[in-house]
Every structure is written in structure tokens, then in C-alpha cells.
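The values are calculated or read from the model by the stated rules, or taken from the named source; none is laboratory data. Computed from a predicted structure; not experimentally measured. In this analysis, Cβ positions are derived from the backbone assuming ideal geometry, glycine residues included, and neighbour counts consider all displayed protein chains.
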Amino acid sequence: MDQFVFLLVVGGRFVLPLLIPRFPLPAVIACLVLDGVDQTIFQLFGYDPPNYQSYDKAMDIFYLSLAYLAAMRNWDNLHAFAIARFLFYYRLFGAFLFEMTHERAVLLIFPNTFEYFFIAYELVRTRWATRPVRTRAWLITAAAIWIFVKLPQEYWLHVAQLDVTDTLRDYPWTRWVLAIAIVGGTAVLWFVVRPRLPEPDHRLQLGAGPVPDAVSNETAVASLRVGNGWVWSWMTLEKVVLVGLVSVIYAQILPGIDDSNFRVFVSVGVLVVVNAGITLLASRREWTIESASLAVAERIVANVVLVFAADQFFGHNAAGWDTFFFLCLISLITTLHDRYQPVYAYRERLSDVDSSNVARRPIR
């Protein structure tokens, strides 16, 4: 029963993030809630998974990575995305350092501000246009989340090592404090914040919404790949860093991985570059798969064949479920990055064109 509960919780933490690109706000909140109650679920069944702290951080990185890729696809405010990109990689590097050192203070220095910043942006996007919002507003939002929300939370969880469930049980008066805080916060939002909000721009929007027509299908994206030759590029470098760091973090918790961190990073980087080359070749041949799910499955098969061929050639036995898990992880992230990065690149190009037009406009 303990193993079943563990697999159910961990499975949920891997499945729910897959919904983030299409339903950003509901899916990321569901991930946040499950992350918050997973320990409580284990306690209800009297189960304490060994080394779950590392599992927890690794699964956090998984769903945050998908949230970052979703922002790459969905966000039309490029300044907000630039802030989100910094916050995401800052936390990713902090999670990497934590796995290397196991010093809890590292998580306080590198707080997970990206998570709540993502939620804040998506909350605005449910009723208002986000593109006109100025950079200063996004910076203030990020700073407020960092200082007043995440620093206290990271200290509570990782330095003081306190648990909400245990605190509420050991100190009954904290239940009243929590209830008053919830009611008070709700009242402030309803009676103070809500009346000062501008009129909504559109109906409630929880879905991701469409992308620009020029990058709305895989055939159009393939044409952009061919035109830009996206193999030796910043796009590929970002994929190498993203997938490499995520893989090194997961290598710390998977029992079947005994390679050094450097070797894991280099091996994953080589595979990412090879994948980029194969994707570019397929784009030139106009071999495109519109379904993202089928594209991920196709890339998993291709990567399994590549690793098997490398095993036969180099005589290195890398077969096993841990390797297969890595290939699934790499295939998912690289496929989504290949599909969503061109959307961001297209919006960035449009923004540069608009800026050039403004700069050339005569002063009257």
C-alpha cells in the first residue's frame, strides 16, 4: 500500500505538469497544491519515503521547466518573459547547487520566485491584456514575491524545517491565526484591491490561447528552422543548459546512475545537439508531426535507437529503466522547446520591427 501511495503521488506530480502549456493557471496551481500536500498524504498513510527531499526538489524542477516552456509559448509581454527567464534559471542553478552540497541555505539564497511570478502573470492574463503592462510593474511584482513571500517561505521550509501540518497539530492556536490570515487576505483583495482594478479586457480566460498565425503549425515552424539553421545557435545552447542541469539534478536521485555529473551533462548535451540536427534535417525534408504527443513519442523512439547504437559502437552498457527515464525527459523538454521557442523568437522579431519603426518615425 505504501508503494502504491508513493507511486500515485509521484505519478500525479509528473502528469499534472503536462497540462501547463494548454491550461497554465489551473495546472500550475494543481501542481502547487499537490506539492504542498504530498507529505501530508504520506503521513495519513503512516509512510515516510526515504530521501524524499531530493525527489521533491527534482519534481519541482520538472514542473517548473514545463511552466517556463509554457511561458515561452504563451506570454506576449517579452519584458515579463525576460524576468521569468532569469528567475527560472536562477532557481534551476540553485537546485543544482543544492543537489551538489545538500545545504538547505542554498534554497534560501536561490528562492523559487519564478513559480509565483508565473502565477501572477497568468492571473492578470485571465481578464486583462498583459502586453501593455510596463516592465516596472513586472519588476515590482517579482521583487515583492521574492522579499515578502518566497524568502519567508523558503526559510520556513528549508532552514527552520517546519511543516504546516505538524505546526497546526502541535500548536492549535496557529489554526486561528491561519484562518484569520485567510479571511483578512480575502477581505483585502475583495474590498480594497478589486475596486481599484481596471475594467477587464475580455472574459475569463483559463486556456493558453492561440499563438501568432505565422507559427501556429509545425509546418510554419519547420520553415523557420530551415531559414535560421537552428543547430549551432543560442537556441540549442539554451536547450543544452536546460536539459543538462535538469538531468544532473535527476542523476542525483536515480539509483541506477553512477556516472559523474560532468559526464552526464556532456552526454546529455551531445544528445541534445544530435536531436537538433535531426530536427533540422526533418524540417528540410518537410517531415513534420503536428501532434505534440506523437512528436514526443517519435523522439523517444529515435533517442532509444541512438543510445542503443552508441552502446553497440562504444561498448558501454547504458541500458536500463533509468536511462529510458532520462530519454523520456530529454525528449519531452527538447520537443516542447523546439515547438515553443520559435513562437517567442517570432514575437521578439515583431517587437524589434515595431521598435525600429518607432525610432524612425519623424518627430512632429
TODO: Could you tell me which residue of the range 123-136 is farthest from the chain's Cα centre (by Cα), considering only residues that are part of a helix (DSSP H, G or I) and either in contact (Cβ under 8 Å) with a residue 40 or more places away in the chain or exposed (fewer than 15 other Cβ atoms within 10 Å of the Cβ) (or both)?
DONE: 136
Task: the range 29-42 residues that are closer than 17 Å to residue 113 by Cβ, paired with ones that are not in a helix (DSSP H, G or I) (beta carbon under 9 Å, 6 or more apart) - done: 31/20
TODO: Could you tell me which of the residues 186, 174, 126 is modelled with pLDDT of 85 or more and farther than 22 Å from residue 72 by Cα?
DONE: 186
Open item on the list: Being among the acidic types (Asp, Glu), surrounded by 13 or more Cβ atoms within 10 Å (Cβ to Cβ), at negative phi and in the same structural domain as residue 25 (by TED's automatic domain parsing): is that true of residue 154 here?
Closed with: yes
Open item on the list: Based on this model, can you work out whether residue 72 counts as surrounded by 19 or more Cβ atoms within 10 Å (Cβ to Cβ) and under 20 Å from residue 4 (Cα atoms)?
Closed with: no
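To keep it simple, each residue is scored yes or no on (1) farther than 30 Å from residue 80 by Cβ; (2) touching a residue at least 40 places away in the same chain (Cβ under 8 Å).
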site	(1), (2)
142	no, yes
145	no, no
148	no, no
162	yes, no
166	yes, no
169	yes, no
176	yes, no
180	yes, no
187	no, no
Open item on the list: Are there helices (runs of 4 or more DSSP H) fully within the range 1-93 with at least 2 residues that are closer than 24 Å to residue 342 by Cβ, under 19 Å from the mean Cα position of the chain (by Cα) and not basic (Lys, Arg)? List them.
Closed with: 24-44, 52-74
